[in-house]
Amino acid sequence: MQAWLDIDAQPGADAGGDEAIHVIRLARSRNVGPASFRRLIARYGTAERAVAALPELAARGGARSYSLCSLAQAERELEAAHKAGARMLTLGGPGYPVMLAHIPDPPPFIWARGRASLCASAAVGIVGARNASAIGLRMAHAMAAELGEAGWATVSGLARGIDTAAHQGALTAPAGTIAVVAGGVDVVYPPENAALTARIAEEGLILSEAPMGLEPQGRHFPRRNRIISGLSRAVVVIEAAQRSGSLLTADFALEQGREVMAIPGAPLDPRAGGGNALIRQGATLVRDAADVAEALEDGLRPSLPGGLAERAPVFARPATGADDALRRDVAQFLGLAPVEEDELLRLTGADLSAVADALLELELAGRLDRQPGGMLALLPE
C-alpha cells in the first residue's frame, strides 16, 4: 500500500504533510477522473510524482498544452476545509467508507463534515421526488426513523422533498444520517435547508467529492448519486417520475450490486411512475422499514456484506508502459465509433498494462471518450 493512502487528516490538519496538497492537485487537474487517478498512483507511487508527470503524459497523448491544478488552488481548498471543520478521507486510507471503496469508480478522496465515524455504518439509501406528496413525505420520515432505531443509517442527497424528510426522520434515531451533496460540504443547497444542513453537520455527516466552495449545478448530481448508492446496502425509491435523478441512483445501485427497492404508488400519479416501473422491472416492493429490513439478507442485523471490511482496494503497480509504436496502434484502432476494450487488446496484441497506459495518455489529453459497458472511442479534434 502506498504512503499517500495513509492520509487521514483531522479537521484542517496537514494530512500526511504536503501529500494532502498533492492529492488535491492530482484529483483536480484536467481530465483526471477516479480511474485515471488510481492508474497514476499505481504507476508513480505518490501523488506528488504523478502530478509532476501529468504534462508529459498528456503531451504523449496529443495535447498541445495541459492545465495542472496549481499549488495555490490546492492550498486554498485545504484552508477552506480547515475553516469548515471538514476532514479528508482518502481511498484506501483509514475512515474511507468500505462500501464506497468497492464501486467501479470510487472518489479518490472525499470531504467529511460532521461525524466521520458514520462512514462505517451499515446504511440504506432513501431517495425520491423533490415535489413529493404529503403521504410520500410521511413515509420517508417514518421509514428513516424506524430503520435508524433498528441500526441502519439513512443516506440521502439533502434535496427538497423526500431527501429532506428522510434526513429529518433519521435524525430522530440513534443510527444517524449521511447527506451526500453535489457541491462543497461548506455550501448550503437548497437555501431552505440551511437549518437542516447545520444540524446534520453537528449530529450526522455531510460528504462530497466536490471542491470546497463549489455551488452545485445540474451536471454534478449524477456523480453525487453514485456515491449515495455506493454507501448503501440498498436504495429505496419513494415517489419518482419516469425520468428523474432518483432512477439514476437506482441504476447506479444495480451496477454496484446493491438491492433496489421501491414503494408503489397510484398509477395515475406521475410521481409514482418511476417507482412503479422499477417494481415491474424486478425491484423489491416495500411498504415500510420492516419490509426493507426483511428484504436485506441479514434482516434486522446491520452488517457489511461479504467481508468487505477486511479487503482494501488494489493499487497494483503496472509492469510495463506504452511505447511510441503502441500509442500509434491504439490511436489507429480507436475511432469515433466505439470499440470494446477487450477488442482493442486483441487487435494490438499488447500487454493490458501497456494498453491501459496508452489510454491514460489519451484521456489526459482530452482525446478519449469512455462510454458505458467498457466501450472506448476517440473524441473529434
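The values are calculated or read from the model by the stated rules, or taken from the named source; none is laboratory data. A quick note: this is a predicted structure, and the numbers were derived from the prediction, not measured. Ideal geometry is used to build each Cβ from the backbone, glycine not excepted, and the neighbour counts take in all protein chains shown.
Among Thr284, Thr249, which is the only one that is touching a residue at least 24 places away in the same chain (Cβ under 8 Å), surrounded by fewer than 24 Cβ atoms within 10 Å (Cβ to Cβ) and in contact with a strand residue (DSSP E or B) (Cβ under 6 Å, 6 or more places away or on another chain)? Full working, then the answer.
On the way: Thr249 fails: surrounded by fewer than 24 Cβ atoms within 10 Å (Cβ to Cβ).
Only one candidate qualifies: Thr284.
Out of the residues in the range 199-233 meeting the condition of being in a loop (DSSP other than H, G, I, E, B) and either among the small types (Gly, Ala, Ser) or in the same structural domain as Ser70 (by TED's automatic domain parsing) (or both), tell me which one is nearest to Glu259 (Cα to Cα).
The qualifying residue nearest to Glu259 (Cα to Cα) is Ser232.
Please verify whether Val187 is under 25 Å from Gln73 (Cα atoms) and touching an Asp or Glu at 6+ places or on another chain (Cβ under 8 Å), treating the condition exactly as stated. Write out each step before concluding.
Values: under 25 Å from Gln73 (Cα atoms): yes; touching an Asp or Glu at 6+ places or on another chain (Cβ under 8 Å): yes.
Yes.
Mind telling me which of the residues Ala322, Ala316, Ala272, Ala312 ends up being at pLDDT below 60 and surrounded by 15 or more Cβ atoms within 10 Å (Cβ to Cβ)? Don't jump to the end; show me each part of the working.
Working: Ala322 fails: at pLDDT below 60; Ala316 fails: surrounded by 15 or more Cβ atoms within 10 Å (Cβ to Cβ); Ala272 fails: at pLDDT below 60.
Of Ala322, Ala316, Ala272, Ala312, the one residue that is at pLDDT below 60 and surrounded by 15 or more Cβ atoms within 10 Å (Cβ to Cβ) is Ala312.
Within the set of pairs 6+ apart or on separate chains, which have a first residue in the range 101-120 that is among the small types (Gly, Ala, Ser), a second that is in a strand (DSSP E or B), and C-beta atoms under 6 Å apart?
Ala112/Arg87; Ala112/Leu89; Ala112/Leu207; Gly114/Leu205; Gly114/Ile206; Ala116/Arg87
Each row is one residue, and each column tells you yes or no for (1) modelled with pLDDT under 85; (2) touching a Pro at 6+ places or on another chain (Cβ under 9 Å); (3) surrounded by 15 or more Cβ atoms within 10 Å (Cβ to Cβ); (4) under 27 Å from Met99 (Cβ atoms).
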{"site": "Asp291", "(1), (2), (3), (4)": "no, no, yes, yes"}
{"site": "Leu304", "(1), (2), (3), (4)": "yes, no, yes, yes"}
{"site": "Gly307", "(1), (2), (3), (4)": "yes, no, no, yes"}
{"site": "Gln332", "(1), (2), (3), (4)": "no, no, no, no"}
{"site": "Gly335", "(1), (2), (3), (4)": "yes, no, no, no"}
{"site": "Glu340", "(1), (2), (3), (4)": "no, no, no, no"}
{"site": "Ala358", "(1), (2), (3), (4)": "no, no, yes, no"}
{"site": "Leu376", "(1), (2), (3), (4)": "no, yes, yes, no"}
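Of all residues in the range 85-120 being over 12 Å from the mean Cα position of the chain (by Cα) and part of a strand (DSSP E or B), which is surrounded by the most Cβ atoms within 10 Å (Cβ to Cβ)?
Ala86
Considering only the range 114-130, state which residues are in contact with a helix residue (DSSP H, G or I) (Cβ under 6 Å, 6 or more places away or on another chain) and either of a type in the set (A, V, I, L, M, F, W, C) or over 22 Å from Ala145 (Cα atoms) (or both).
Start the filter on the range 114-130 by keeping residues that are in contact with a helix residue (DSSP H, G or I) (Cβ under 6 Å, 6 or more places away or on another chain), which leaves 114, 124-129.
Result: Val124, Ile126, Val127, Ala129.
Val185 - would you say it is without any contact (Cβ under 8 Å) to a residue 60 or more places away in the chain and either touching a His at 6+ places or on another chain (Cβ under 8 Å) or surrounded by 21 or more Cβ atoms within 10 Å (Cβ to Cβ) (or both)? Step through it out loud before you land on a result.
On the way: without any contact (Cβ under 8 Å) to a residue 60 or more places away in the chain: no; either touching a His at 6+ places or on another chain (Cβ under 8 Å) or surrounded by 21 or more Cβ atoms within 10 Å (Cβ to Cβ) (or both): yes.
So Val185 fails the test.
What do you reckon, is Ala266 aliphatic (A, V, I, L, M), at pLDDT 95 or above and on the phi < 0 side of the Ramachandran plot?
Details: aliphatic (A, V, I, L, M): yes; at pLDDT 95 or above: no; on the phi < 0 side of the Ramachandran plot: yes.
Taking the combined requirement at face value, the residue does not satisfy it.
Kindly provide the set of residues from the range 73-105 that are charged (D, E, K, R), modelled with pLDDT of 95 or more and out of contact with any strand residue (DSSP E or B) (no Cβ under 8 Å at 6 or more places or on another chain), ordered by number. Working first, answer last.
In the first step, residues of the range 73-105 are kept if they are charged (D, E, K, R); the result is 75-77, 79, 83, 87, 105.
Cutting the leftovers down to modelled with pLDDT of 95 or more gives us 75-77, 79, 83, 87.
Matches in the range 73-105: Glu75, Arg76, Glu77, Glu79, Lys83.
State whether the residues of the range 194-207 include one that is within 20 Å of Met88 (Cα to Cα), over 18 Å from the mean Cα position of the chain (by Cα), surrounded by 21 or more Cβ atoms within 10 Å (Cβ to Cβ) and not hydrophobic (A, V, I, L, M, F, W, C). Steps first, please.
The initial filter retains those residues of the range 194-207 that are within 20 Å of Met88 (Cα to Cα), namely 197-198, 200-207.
Then keep just the ones that are over 18 Å from the mean Cα position of the chain (by Cα); that gives 197-198, 200-204.
Still in the list and also surrounded by 21 or more Cβ atoms within 10 Å (Cβ to Cβ): 197, 200, 204.
Within this subset, residues satisfying the condition of being not hydrophobic (A, V, I, L, M, F, W, C) are 197, 204.
Yes, that holds for at least one residue.
State which residue pairs qualify: first residue in a helix (DSSP H, G or I) and inside the range 38-61, second residue β-branched (Val, Ile, Thr) and crowded, with 24+ Cβ neighbours inside 10 Å in any location, beta carbons under 6 Å apart, and separation of 6 or more residues or different chains.
Going by the 6 Å Cβ cut-off, the qualifying pairs are Ala47/Val23.
Quick one: Ala173 ticks every box in (1) at pLDDT 95 or above; (2) within 20 Å of the chain's Cα centre (by Cα); (3) over 26 Å from Arg219 (Cβ atoms); (4) in a loop (DSSP other than H, G, I, E, B) bar one, so which box is it?
(2)
Name the residue that is nearest to the chain's Cα centre (by Cα), counting only residues in the range 271-289 that are part of a helix (DSSP H, G or I) and among the hydrophobic types (A, V, I, L, M, F, W, C). If you could, list the steps in order and put the result at the bottom.
Narrowing the range 271-289 to residues part of a helix (DSSP H, G or I): 271-280, 289.
Next cut, among the hydrophobic types (A, V, I, L, M, F, W, C) only: 272, 277-279, 289.
Numbers: Ala272: 26, Ala277: 25, Leu278: 22, Ile279: 25, Ala289: 25 Å.
Selected residue: Leu278.
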